[in-house]
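Okay, so here's the structure we're looking at.
The values are calculated or read from the model by the stated rules, or taken from the named source; none is laboratory data. Being a predicted model, the structure only gives us computed values, none of them experimental. Don't worry about glycine lacking a Cβ; one is built from the backbone with ideal geometry, like all the others, and counts go over all protein chains shown. Surface accessibility is based on the protein's heavy atoms, side chains included, excluding ligands, DNA and RNA. Shrake-Rupley method; radii C 1.70, N 1.55, O 1.52, S 1.80 Å.
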Amino acid sequence: MASLGVDSEQEPLLGDRTPGSREWDIIETEEHYKSRWRSIRILYLTMFLSSVGFSIVIMSIWPYLQKIDQTADASFLGWVIASYSLGQMVASPIFGLWSNYRPRKEPLIVSIFISVAANCLYAYVHVPASHNKYYMLAARGLVGFGAGNVAVIRSYIAGATSLQERTSSMANTSACQALGFILGPASTDEVQVPQENIDQVAVVATNILFFVILFIFALFETIVTPLTMDMYAWTREQAVLYDGIILAALGVEAVIIFMGIKLLSKKIGERALLLGGLIIIWVGFFVLLPWGNQFPKIQWEDLHNNSIPNTTFGEIIITLWKSPREDHSEEPTGCPVEQAWCLYTPMIHLAQFLISAVLIGIGYPSCNVMSYTLYSKILGPNPQGVYMGWLTASGSAARILGPVFISQVYTAWGPRWAFSLVCGMVVLTITLLGVVYRRLIAFSVRHGRIQE
């Protein structure tokens, strides 16, 4: 409290500060301030626990699915994983709209109960005598539906943490409206905050930017394991261990980025940081492009007469001659020969991969938090539930399409085509950001309430 100062806490929140006006008497008290931040910390903890639960479950889905239903194959696994994001994509706008017209406690409590029930169903999907994989599919979809509450959480945190800027534009509304970000029952005579003029072009553009950012990181997470197994002949156990360490390191890197980005954004602005993050991501994927004349080890153990790629007989004989023999008692490692590109695409060196991971680990959190921050500022004092619902839905759609895109392109054409297409996508995204750059400004700046 001392750092903020008592005077700043007692400044009027709404409208003109003319003595004798209604706005002059509306202030955020110390009790309001403490209640607001207590709610924010509770929601931080809620999101943290939800993320931890997701991370724990996602690592065990495939072995659990194989155990409960022998008819489930890898393609069905894709549907199981996608069902979470599908459920979240459907639920986010619903919960967001709900939170605009009812107390935020209602959608939050309902969504938590749905998540608990869905996780209980997931824990017991092995009990039925048949169709177990479909029960798992339904369970993961319901867990994702419950996770749609992130739209409510985001709208609340965005509103609460920017309360001073937002409430400057809420003239002729009550103090309860100005402090309506605090979780609590809404009064029956509460008047909705009027929908002021929002720049819809900026809103749509930010949703597209957010979609691409999550799309790119989702495909990177997806491709890490098959890429390292193909390029470095790692076993499944080695890939899980080493890739887990790499992703954990990226998580630590992201925490550091999040801690420092607030100070940096005050100096150079959110838009510049978003642009810089996209450029860093582009460099990261450009580094991943395979070059040179060293090729990955070929996994010949899976070679069958009907799976020989479209190569000449001489090329196959030469590659067989150069490829060392493996002990058939061990797990086959290397790049599967069914992927024809393995025979002519240079390998991605481990140093390339690690440098790329570090760069993407810098660019992604920067873009993520800046796009979200800009989106909140663009919306201004208007109710954000529905808008945050659409933002969350766009992120969920990205997590569905990203893995599908990269798995198909990588398997068919290899890393050179896959990462070249990603680089092209990032270039188009940077172009879009350049086109709408001047429109991505705070609501209060656009309407002349404060200077940028």
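Amide H to amide H under 5 Å from Ile298: which residues, 5+ apart in sequence or cross-chain, H placed 1.01 Å off N in plane?
Amide H neighbours of Ile298: Cys335.
Any idea what log10 I(q)/I(0) is at q = 0.19 Å⁻¹ for the stretch 380-452, Debye with uniform C-alpha scatterers and no solvent?
-0.96
What ranking, highest mean first, results for peptides 365-373, 400-408 when packing means the other Cβ atoms within 10 Å averaged over each residue?
The packing order, highest mean first, is 365-373, 400-408.
Quick check: pseudo-label points 7 Å beyond the Cα along Cα→Cβ at Trp413 and Leu263, how many nm apart are they?
Label-label distance for Trp413 and Leu263, simple model: 4.4 nm.
Residue by residue, what Karplus-based ³J(HN,Hα) values in Hz, rounded to whole numbers, does the stretch 89-101 have, using 6.51, -1.76 and 1.60 with θ = phi - 60° and x for Gly and Pro?
5, 6, 7, 4, x, 5, 5, x, 5, 4, 5, 6, 10
Report, as a whole number in µm² per second, the diffusion coefficient that Stokes-Einstein gives for the stretch 341-430 at 20 °C and 1.002 mPa s using the Kirkwood radius over alpha carbon pairs.
136 µm²/s
Give the accessible surface of the stretch 187-296 per residue, rounded to a whole number of Å², with probe radius 1.4 Å and ligands, DNA and RNA excluded.
Computed with neighbouring chains in place, this is 51 Å² per residue.
Search the structure for amide H atoms under 5 Å from the amide H of Leu440, placed 1.01 Å from N in the peptide plane, and list their residues when 5 or more places away or on another chain.
Amide H to amide H, under 5 Å and 5 or more residues apart or across chains, Leu440 pairs with nothing.
Using 0.36 nm times the number of residues separating Leu432 and Val252, minus their current alpha carbon distance, what extension gain do you get?
Gain in length upon complete extension: 61.8 nm.
What part of the accessible area of the stretch 205-276, given as a whole %, is carbon or sulfur when the probe is 1.4 angstrom?
72 percent
Going by average Cβ density within 10 Å per residue, which order do the peptides 338-345, 242-249 take, highest to lowest?
So the order, starting with the most tightly packed, is 338-345, 242-249.
What's the FRET efficiency of Val445 with His349 using the Cβ-Cβ distance as r and R₀ = 35 Å, to the nearest 0.05?
Taking R0 as 35 Å, the efficiency between Val445 and His349 is 0.15.
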